[in-house]
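The values are calculated or read from the model by the stated rules, or taken from the named source; none is laboratory data. Since we're looking at a predicted model, the values are computed, not measured. No Cβ is skipped: glycine too gets one built from the backbone with ideal geometry, and neighbour counts run over all protein chains shown.
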Ligand SMILES: NC(=O)c1ccc[n+]([C@@H]2O[C@H](COP(=O)([O-])OP(=O)(O)OC[C@H]3O[C@@H](n4cnc5c(N)ncnc54)[C@H](O)[C@@H]3O)[C@@H](O)[C@H]2O)c1
């Protein structure tokens with residue numbers, strides 16, 4: 001993409017971590033870049049405009065559940081591209097906040113879509129940041145028979161006995177083309193509701209639709225005040241305070257850590273190549289890292305004590321999660337470029353610098 005090749009782009013949650021990174025890459029290419037964001041205090045340390053939001057972006061401070069905000073946003077120039085990022089995001093917290101997660105993630109999406117319908121707006125492309133949480137435990141293969149199955153949720157009793165894996169079975173990479181959707185968290189369930197509603201709304205109107213199912217995104221600029229952004233900020237801040245990182249289960253659960261620059265580029269590629277109808281693609285680094293490996297790396301970079309494997313666990317946590325990047329390569333021409341080892345080391349140094357700067 002070159003010059004002002006994008007028209008009016010509306011980004012909900014556009015002042016958040018991914019929204020700001022995306023603005024740095026794409027806002028200069030848009031006629032108008034409008035970030036609609038409530039500046040949720042759980043995410044934003046101050047109610048000020050984030051410094052990372054590109055200067056070309058217009059920030060509309062408002063809640064996506066407020067229809068009057070949408071009337072204000074669409075009354076002027078109808079959006080051509082809509083990127084839906086606003087969401088309640090914590091997996092663990094969501095189990096005890098069903099109404100809130102459902103309200104923001106599902107009802108908020110419905111109010112946005114109705115606002116477009118009422119104003120007779122047909123964007124040329126609708127995109128959503130979906131998540132690997134829609135897969136829950138994903139697919140596993142029985143070692144004796146090769147049979148592939150979707151195990152569902154690990155029970156509290158199973159975890160209390162320290163039975164972390166599904167016996168006799170090996171986990172598989174997720175791929176939207178063949179992994180069943182079976183969320184084990186309210187977050188995952190409401191994100192799938194978001195994705196499904198947007199897909200149905202767009203499909204019924206012939207609007208191209210893209211869902212990028214993101215793995216664990218990390219990088220500079222991630223909120224350090226929000227304790228629910230994932231394990232990396234918690235690990236890095238604990239190590240920076242000189243505490244041993246508490247690693248749950250046996251430390252061998254795995255995750256796919258994808259760098260923010262790769263994620264922003266995936267959105268840029270998706271915006272630049274709208275599908276004919278609909279496209280759902282996984283975005284990750286494509287290689288699993290065990291949580292213990294990551295904790296050791298962070299402790300090493302930050303100079304903290306070695307992590308401690310505690311055997312504690314959280315109900316609803318999945319055991320292994322990583323994705324295949326083949327489909328993204330085929331449909332978007334996108335491949336991850338930042339290996340988790342170098343990306344996380346750089347990220348841990350940034351957290352340490354931020355902690356030192358705060359004193
Ligand atoms: N970061 C990840 O690891 C990850 C992984 C998978 C999917 N995602 C998805 O990507 C999207 C963006 O995530 P992020 O990491 O940038 O999170 P973030 O919390 O940094 O950004 C979300 C933004 O949405 C805003 N927001 C929340 N509720 C709102 C509401 N009701 N009205 C208007 N704005 C509201 C917040 O103020 C925040 O600025 C989310 O939809 C999330 O589900 C993120």
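If I ask for residues that are over 30 Å from residue 154 (Cβ atoms) and touching a helix residue (DSSP H, G or I) at 6+ places or on another chain (Cβ under 7 Å), which ones from segment 240-259 would you list?
Residue satisfying the conditions is 240 alone.
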Only residues that are in contact with a strand residue (DSSP E or B) (Cβ under 7 Å, 6 or more places away or on another chain) and more than 7 Å from the ligand (Cβ to nearest atom): list them for segment 24-42, please.
26, 27, 29, 30, 31, 32, 33, 34, 35
Strands (runs of 3 or more DSSP E) completely within segment 161-254 that count 2 or more residues being crowded, with 20+ Cβ neighbours inside 10 Å:
209-214, 216-218
Pairs only if they're at least six apart or on different chains, beta carbon under 7 angstrom, first in segment 63-81 and under 10 Å from residue 115 (Cα atoms) and in contact (Cβ under 8 Å) with a residue 12 or more places away in the chain, second assigned to a loop (DSSP other than H, G, I, E, B) and more than 15 Å from the ligand (Cβ to nearest atom); list them, first residue then second.
74/119; 74/121
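Just to verify a result, which residue in segment 55-98, among those that are more than 14 Å from the ligand (Cβ to nearest atom) and buried (at least 19 other Cβ atoms within 10 Å of the Cβ), is nearest to residue 192 (Cα to Cα)? Spell out the reasoning first.
Initially, segment 55-98 is screened for residues more than 14 Å from the ligand (Cβ to nearest atom), giving 55-56, 58, 71, 74-81, 95-96, 98.
Retained after the next criterion (residues that are buried (at least 19 other Cβ atoms within 10 Å of the Cβ)): 74, 79, 81.
Details: 74: 26, 79: 24, 81: 21 Å.
So the residue we want is 81.
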Of the residues that make up segment 135-158, is at least one within 16 Å of the ligand (Cβ to nearest atom) and assigned to a helix (DSSP H, G or I)?
yes
In the list 124, 176, 102, which residue meets the criterion of being modelled with pLDDT of 95 or more and within 13 Å of the ligand (Cβ to nearest atom)?
102
Please indicate, with yes or no, whether at least one residue in segment 147-158 is in contact with a helix residue (DSSP H, G or I) (Cβ under 6 Å, 6 or more places away or on another chain) and either without any contact (Cβ under 8 Å) to a residue 40 or more places away in the chain or surrounded by 13 or more Cβ atoms within 10 Å (Cβ to Cβ) (or both).
no
Just a yes or no: is a residue in segment 199-211 more than 9 Å from the ligand (Cβ to nearest atom), touching a helix residue (DSSP H, G or I) at 6+ places or on another chain (Cβ under 6 Å) and over 28 Å from residue 53 (Cα atoms)?
yes
Is it fair to say residue 21 is closer than 30 Å to residue 189 by Cβ, within 12 Å of the ligand (Cβ to nearest atom), touching a helix residue (DSSP H, G or I) at 6+ places or on another chain (Cβ under 8 Å) and not in a strand (DSSP E or B)?
yes
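So if I check each of 331, 290, which one is without any contact (Cβ under 8 Å) to a residue 40 or more places away in the chain and within 20 Å of the chain's Cα centre (by Cα)?
290
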Within segment 10-37, which residues are within 18 Å of residue 73 (Cα to Cα) and without any contact (Cβ under 8 Å) to a residue 60 or more places away in the chain?
15, 23, 27, 30, 31, 32, 33, 34, 35, 36, 37
